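Working notes, structure below.
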Amino acid sequence: MSFSTNKSAVDLSFNKHNFVIHFSNGEMLKTPLSEFPTIGNDLNKLSEFELFDNGNSIYFPKVDEYISVKNLMLGITGKNHG
């Protein structure tokens, strides 16, 4: 089985504990909000986001946080990066 990080995010959805990245090929990646202590779980702040760099990056302007989609696919989150 091969694993490809060459996917483009096209949308995000949220619930109380997770955010879900929706990819152009129909796949989804669910990530616990707890993995990103700097963005918190205030859904009002997270509901405003920008996808850029051809769907490879996410920016949350209300909390001034950037997230790499590729890093998420590789299991690198805010808790275990940097």
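What's the tally of Lys pairs in the chain whose alpha-carbon atoms lie under 14 angstrom apart, where the two lysines are 8 or more places apart or on different chains?
The result is 5.
For Glu50, what charge total do you get from the other residues with a beta carbon under 15 Å from its beta carbon, if Lys and Arg give +1 and Asp and Glu give -1?
My count for the surroundings of Glu50 gives -3.
What are the ³J(HN,Hα) values, in whole Hz, obtained from phi via the Karplus relation 6.51 cos²θ - 1.76 cosθ + 1.60 with θ = phi - 60°, for each residue of region 48-59 in sequence order, with x given for Gly and Pro?
Computed from phi, the couplings for region 48-59 are 9, 8, 10, 9, 9, 6, 6, x, 9, 9, 10, 10 Hz.
As a footprinting exposure proxy, order Thr38, Thr31 by other Cβ within 10 Å, with the fewest listed first.
With the sparsest Cβ surroundings first, the list reads Thr38, Thr31.
Rounded to the nearest 20 Debye, what is the dipole magnitude of the chain about its Cα centre when Lys and Arg each give +1 and Asp and Glu each give -1 at the C-beta?
The calculation lands at about 240 debye.
On full extension of the chain, what length is gained from Asn54 through Asp42, given 0.36 nm per residue of separation minus the C-alpha to C-alpha distance?
Length difference between fully extended and current span is 1.7 nm.
Can you check what the net charge comes to around Asn18, using other residues whose Cβ is under 11 Å from the Cβ of Asn18 (Lys, Arg +1; Asp, Glu -1)?
Cβ neighbours under 11 Å give a net charge of +1.
Excluding Tyr66 itself, calculate the net charge of residues whose Cβ lies under 15 Å from the Cβ of Tyr66, where each Lys or Arg counts +1 and each Asp or Glu counts -1. Provide the component values of the computation, followed by the final result.
Working: positive: Lys45, Lys62, Lys70; negative: Glu35, Glu48, Glu50, Asp53, Asp64, Glu65.
Counting the neighbours of Tyr66, the net charge comes to -3.
Rank Lys70, Lys30, Lys62 by mean-square fluctuation in a GNM of the chain with C-alpha springs under 10 angstrom and give only the top-ranked residue.
Lys62
Every number here is computed from the coordinates shown, using simple stated rules; none is lab data. Since the model is a prediction, treat every value here as computed from it, not as a measurement. Don't worry about glycine lacking a Cβ; one is built from the backbone with ideal geometry, like all the others, and counts go over all protein chains shown.
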